[in-house]
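Any read-out appearing in this document is the output of simple, stated calculations on the displayed coordinates, not a laboratory observation. It should be emphasised that the depicted structure is a prediction, and the values quoted were computed from it without experimental measurement. Cβ coordinates were reconstructed from backbone atoms using ideal geometry, including for glycine residues, and neighbour counts include every protein chain displayed.
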Amino acid sequence: MTKKLNLAALPVIVTGLVVLGAGMGQSTPVGILSQNPVMAQALRTQDLWRQVYQQMPDLPLENQYVNQQSGKVDSDNTLASRLIRYHMFVKGRPPNFRLDWKLTIADYLDANELMEEGVYPGGDTLRENPMESDRAAIQRLTRPQRNALIQTLVNIFNPNAAQQTEAPLRRETPPLTPTPNPTSLPTLPQPGDAQRLRL
């Protein structure tokens, strides 16, 4: 039995391949960001990592690596840019959820999934694979610094989350319940009460 190719699905397949191919060129995957119309704009990881360093200037750059083709230091290939590309393109995790960023940081801390040098961002374009140095840089961060990095990344990819975390949570006060009247409280069993049940 032969299966017919559904020609109506062909544009979707081609579009999916183009979007996946775009990920190799450091573009943000459209499928992930299409859930949020604001993020559906053409964002590029080169622009996003700059925002990370604007908000966290103390984060190590780790941009001393030499590009294989040019033979020059690739100063735009930073720890933050590789972290974002690893998270989105290697692991395929959504960029707008805190838990997913925590999983990625856990990868760097060797507490979650195994990281592979062969697919690590920059490993194929830089003379030296930066993975081990990047892992060491993340491990040197304190827990508050790692939490701040995660929150910064979430805020960049999901501006709505930033507004929610900045706004204080409003707790609704529970409705007041009247204090029970002592005469309306049920009475405790007394000796001999079981005898009355037989009647």
query: With r defined as the distance between the Cβ atoms of Gln64 and Glu116 and R0 fixed at 22 Å, what FRET efficiency is calculated, to the nearest 0.05?
result: 0.45
message: I want to check the label-to-label distance for Leu99 and Arg127. Put each point 7 Å from Cα in the C-beta direction and report it in nm to one decimal.
response: 4.4 nm
task: Count charges around Tyr65 for me, please; just the other residues with Cβ under 15 Å from its Cβ, Lys/Arg as +1, Asp/Glu as -1.
output: -3
statement: The answer for Val66, listing residues at least 5 apart or on another chain whose modeled amide H is closer than 5 Å to its amide H, is Asp74, Arg127, Glu128
- prompt: Length gain on complete extension for the stretch Ala194 to Gln145, per 0.36 nm per residue less the alpha carbon to alpha carbon distance?
  reply: 11.0 nm
